[in-house]
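Novice: Got a structure here, written out as structure tokens. Questions coming.
Computed from the coordinates by the stated procedures, all read-outs in this text should not be read as laboratory data. What you see is a predicted model, and the numbers here were worked out from it, not measured in a lab. All Cβ positions, even for glycine, are placed from backbone atoms using ideal geometry, and neighbour counts span all protein chains on display.
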Amino acid sequence: MINSIKKFRDQFDDSMMKVIVVFVSLIAIFYTVSTGSTIWNLFKTLFPVLLVALAAIGLQYKGKSLAAHLVLIMTYYLGAARTMLNALTSFNFASMSFGSGFSIEMIVGFIIFVYLLIYILSFVFNNDTKSEFKKSAVVTSAIIAFTYFFLRSGFNVAVLKLIPPIIALYFGMDLFAIILLLAGVADVPFELLNRIFTQTSTLSSQPISYYIFTAFGLYLAYGATTGIIKAFRKSK
């Protein structure tokens, strides 16, 4: 079985891998985004997942297939696997039925998770996970972002938001690391706009911590955006 997993990645050529990563990214976008009650809520949900998809596709086109798959599994499809596991273990012997229902979304997400996991393991079993990490200013930005996520939402959220950019940094892809850092705070400006235009009355009732974290989040989003522009110009 291990030999089969080792050879799994060899079943796909570069062109096929690009198509697969684009498809898997589009599926994540399709199943993640909800219409929301306002246009700002839609953007709040859509923009972060679009940035993750852009980073994954970009990594694949740069030949960093393992990084692209790791980003996809950590940002969306790990959750899909957890959802399927919860559904499977919800079986009740008294009623002889599952407590949780199954959906096409759940099944498709789990199938993609299995594919991503096997593909990643094929690199691990072949001992082909060499780091291309280099000293970069993005590391400092990642530390600052981790501090922000930790203070705002706790340790678990901070770790989950930092894993994708760390993966990109591990493979020497600074531009995509910045894009993934931006994905972590991309919801902040749209949440603020939603409150300004549709929930004005709630602004005055927010604690001072809301304004501090919003201001810091906007600062990080601005810094990441300017960093992306600089990195893109440098890469030309």
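Novice: Where does each of Met173, Met16 land when they are ranked from fewest to most other beta-carbon atoms within 10 angstrom?
Specialist: Met16, Met173
Novice: Can you pull the Rg over Rh of the stretch 177-220, Cα-only, Kirkwood?
Specialist: 1.04
Novice: Right, next: How large is the charge dipole for the stretch 1-131, taken about the Cα centre, if only the Cβ atoms of Lys, Arg (+1) and Asp, Glu (-1) carry charge, to the nearest 20 debye?
Specialist: 240
Novice: Sort Thr89, Thr45, Thr198 so the one with the fewest other Cβ atoms within 10 Å of its own Cβ comes first.
Specialist: Ordered from fewest to most neighbouring Cβ atoms within 10 Å, Thr89, Thr45, Thr198 come out as Thr89, Thr198, Thr45.
Novice: Residue by residue, what Karplus-based ³J(HN,Hα) values in Hz, rounded to whole numbers, does the stretch 173-181 have, using 6.51, -1.76 and 1.60 with θ = phi - 60° and x for Gly and Pro?
Specialist: My calculation for the stretch 173-181 gives 9, 4, 4, 6, 5, 5, 4, 6, 5 Hz in order.
Novice: Quick one: among Ala186, Ala158, Ala68, which has the greatest mean-square fluctuation in a GNM of the chain with alpha-carbon springs under 10 angstrom?
Specialist: Result: Ala158 has the largest fluctuation of those listed.
Novice: Test of understanding: what is the full-extension gain from Phe125 to Ile107, defined as 0.36 nm times their sequence separation minus their Cα-Cα distance?
Specialist: Full extension from Phe125 to Ile107 adds 3.8 nm.
Novice: No solvent, one uniform scatterer per C-alpha: report log10 I(q)/I(0) for the chain via the Debye equation at q = 0.08 1/Å, two decimals.
Specialist: -0.35
Novice: Could you give me the ³J(HN,Hα) list for the stretch 142-152, computed from phi with Karplus coefficients 6.51, -1.76, 1.60 and θ = phi - 60°, whole Hz, x at Gly and Pro?
Specialist: 5, 5, 4, 5, 4, 4, 5, 4, 5, 5, 7
Novice: Can you sort Leu72, Leu182 by how many other beta carbons sit within 10 Å, fewest first?
Specialist: Final ranking by Cβ density, sparse to dense: Leu182, Leu72.
Novice: Given contacts defined as C-alpha pairs under 8 Å and at least six residues apart, what's the relative contact order of the stretch 2-235, whole-number percent?
Specialist: The value is 23 percent.
Novice: Among Phe93, Phe12, Phe197, which one moves the most in a GNM of the chain with springs linking Cα atoms closer than 10 Å?
Specialist: Top of the fluctuation ranking is Phe93.
Novice: Could you give the dipole magnitude of the stretch 2-235 about its Cα centre, charging the beta-carbon of Lys and Arg +1 and that of Asp and Glu -1, in debye to the nearest 20?
Specialist: 500
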